[in-house]
Amino acid sequence: MTEKTSELQKSGERPLLEHLNELIYRARRALISLVSAFVIFFFFGIKEVSFNGFNFPILYPNLFNSISSYFIRLFIHTELPPQLKLLNLNPFDTLFSAAYVSFFLSLFIAMPIIIHEIWGFVSPGLYENEKKMAKSLILPAFVLFAAGSSFAYFIIIPVMMKFVLLYTTSLGVEPTLSLRAFINTVMSLMLTVGLGFEYPLIMTMLTMAGVVKAESWRRNWRYGVLGAFIIAWFISPGTTGGVIETTIGVTLSTLYFVGVASSYLAQKRRK
């Protein structure tokens, strides 16, 4: 009896150990891709090399003119009003700012590999219809996140910075801003607003899974709009007297109704 029990325990533990080993293996690959991209963005720059009359961009080690440094300068020139001056308050603010930008860029670049590893681990336990559903949602998720980040970059952040400048000068205060705070605000808003734009996709996923009917989304639209403004309140920096919160809330409310329409289509397809 003891030997048989021991054999049963071993046979039961082996699949669990195999799953854990596979999880560690795939997590290691995803982490390596993320770290590799971070190193490239943080430590390497790009320059053109001429060969036979053609110019080719190549990576070369340059901490002071890295890819992340290029994006920091781009953010300063496109998002910051000329009258608002940046200050380096702490000795390592510039390095921390470059690290923020490098992490955001590396996360975006490594995301296909991360999703591939997650999919490789999860897909064997899914049914065929669940696999089709998951595959059909990957592209919309990327598009919505890119749209949300672009919305933050081109609309929310410039309006917020102009408001900060106007309010600061109206108080007779020198319009200055910490470099680290500026980069942190830009990165945080692009990330959170990008995630907030997944609102209709989450609604569609719940309907496709049979958790929430499309009629429930339509019938409870008031709670959906309320939820949109609550999300806007959480992800907004709260420095513009409600202007940014209202803009994000109205946008997410519009996306909620897009999600209602998408849920009806998903429910019809599911049936």
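The values are calculated or read from the model by the stated rules, or taken from the named source; none is laboratory data. Predicted model, so just to flag it, every value in this text is computed and none were measured. Glycine also receives a Cβ, built like all others from the backbone with ideal geometry; neighbour counts cover every protein chain displayed.
Go through the residues of the range 137-156 one by one and say whether even a single one is modelled with pLDDT under 90, of a type in the set (V, I, T) and surrounded by 20 or more Cβ atoms within 10 Å (Cβ to Cβ).
Yes, some residue in the range 137-156 is modelled with pLDDT under 90, of a type in the set (V, I, T) and surrounded by 20 or more Cβ atoms within 10 Å (Cβ to Cβ).
I'm checking my understanding of the structure. Among residues of the range 216-245 that are modelled with pLDDT under 85 and more than 17 Å from L195 (Cβ to Cβ), which one is surrounded by the most Cβ atoms within 10 Å (Cβ to Cβ)?
Going through the qualifying residues, I end up with T240.
May I ask you to say which residue of Y223, Y264, Y256 is of a type in the set (S, T, Y), under 22 Å from the mean Cα position of the chain (by Cα) and in a helix (DSSP H, G or I)?
Values: Y223 fails: under 22 Å from the mean Cα position of the chain (by Cα); Y264 fails: under 22 Å from the mean Cα position of the chain (by Cα).
Unique residue meeting the criteria: Y256.
Here is a list: G148, G210. Which entry is assigned to a helix (DSSP H, G or I), under 27 Å from E130 (Cβ atoms) and either touching a residue at least 12 places away in the same chain (Cβ under 8 Å) or among the polar types (S, T, N, Q) (or both)?
Being assigned to a helix (DSSP H, G or I), under 27 Å from E130 (Cβ atoms) and either touching a residue at least 12 places away in the same chain (Cβ under 8 Å) or among the polar types (S, T, N, Q) (or both) holds for just one of G148, G210, which is G148.
Answer yes or no as to whether L191 is crowded, with 16+ Cβ neighbours inside 10 Å and either in contact with a Phe, Trp or Tyr (Cβ under 9 Å, 6 or more places away or on another chain) or assigned to a helix (DSSP H, G or I) (or both).
yes
Please find, among L201, L265, L195, the residue that is aliphatic (A, V, I, L, M) and over 25 Å from L107 (Cα atoms).
L265
Among the residues of the range 112-145, write down those that are in contact (Cβ under 8 Å) with a residue 60 or more places away in the chain and touching a Ser or Thr at 6+ places or on another chain (Cβ under 9 Å).
Result: I113, I114, E117, L137, P140.
If we keep just the residues of the range 4-54 that are of a type in the set (D, E, K, R) and at pLDDT 90 or above, which is surrounded by the fewest Cβ atoms within 10 Å (Cβ to Cβ)? Walk me through it before giving the result.
First pass over the range 4-54, keeping only residues of a type in the set (D, E, K, R): 4, 7, 10, 13-14, 18, 22, 26, 28-29, 47-48.
Add one more test, that the residue is at pLDDT 90 or above, and what stays is 26, 28-29.
Values: R26: 19, R28: 11, R29: 15.
Ranking the candidates gives R28 first.
Say we look at the range 60-75 and pick out the residues that are assigned to a helix (DSSP H, G or I) and in contact with a helix residue (DSSP H, G or I) (Cβ under 8 Å, 6 or more places away or on another chain); which of these is farthest from I183 (Cα to Cα)?
Once the filter is applied, the top-ranked residue is L63.
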